[in-house]
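Presented below is the structure to which this report refers.
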Amino acid sequence: MDLVCQRMLNQGFLKVERYHNLCQKQVKAQLPRRESERRNHSLARHADILAAVETRLSLLNMTFMKYVDSNLCCFIPGKVIDEIYRVLRYVNSTRAPQRAHEVLQELRDISSMAMEYFDEKIVPILKKKLPGSDVSGRLIGAAPVPGPSAALTTMQLFSKQNPSRQEVTKLQQQVKTNGAGVTMLRREISELRTKVQEQQKQLQDQDQKLLEQTQIIGEQNARLAELERKLREVMESAVGNSSGSGSNEESPRKRRKAVESVDSPRKSKRLRNRK
């Protein structure tokens, strides 16, 4: 029963890797080749999520598969496989997914806990069971007694030290996965740098617009002050004209009164002469 479960877990990890590769190929086939056009594409978030899953799979591969290939254990965290399947199905079924850190929060948490627990608790036990662990002890210990048996044992030791072709291919695969992870991290760093540069450019444009707006506001304030000064001068001139017209209207009245005062004694003399 244990062997069946171990086989299912190992096959599950390999199947989820193949399923991820298939999803990533489908998304990359629909993306444009230019990096600038990919950022504004509708599948940009799909590509980011799949790239993050690829990095997570490479870390899991480096942590577990060395001991799985040596038949010392199986791929223990089955819940991580289920979570990867959930993320991949979500990416395939959703046209506008959420951001990568929101979708991958659970996967990052449980995979990090699984790798930390495996490195701290299980790896020290498995290292004792590795085929090369007793070889190092024999080499460090006392030299064997010379003879045919000693020559045979040294040949066996050297044959054990020489890596087989299968181990070399495994190391090459690990190097490839590590290189893929490094290239993915470099691409993410370059994307972040471009985003930072774009934001800095937007900030510079906003500062330039703000400076132009402040200059326009200053010019408008100067025009308003000039208009207020002209309006004040017009008001003062209007008040002066109204006062001058009032004095001009009063002067004819005074003249009439003076003429009437002069004519009044003449009229009285005429009336006396008539009598």
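In square angstrom, what is the accessible area per residue of region 3-129 with a 1.4 angstrom probe?
60
If each residue of separation counts as 0.36 nm, what is the full-extension length gain between Leu211 and Tyr90 once their alpha-carbon separation is subtracted?
38.9 nm
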If each of Glu102 and Glu219 carries a label point 7 Å out from its Cα toward its Cβ, how far apart are those two points in nm?
-> 4.4
Step through the table entries Lys15/Lys121; Lys25/Lys66; Lys66/Lys128; Lys66/Lys129, compare each Cα-Cα distance with 18 Å, and write down the pairs that go over it.
-> Lys15/Lys121; Lys25/Lys66
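The values are calculated or read from the model by the stated rules, or taken from the named source; none is laboratory data. The model shown is predicted, which means the values in this text are computed figures rather than measured ones. In this analysis, Cβ positions are derived from the backbone assuming ideal geometry, glycine residues included, and neighbour counts consider all displayed protein chains. SASA here: full protein model, heavy atoms, side chains in, ligands and nucleic acids out. Shrake-Rupley method; radii C 1.70, N 1.55, O 1.52, S 1.80 Å.
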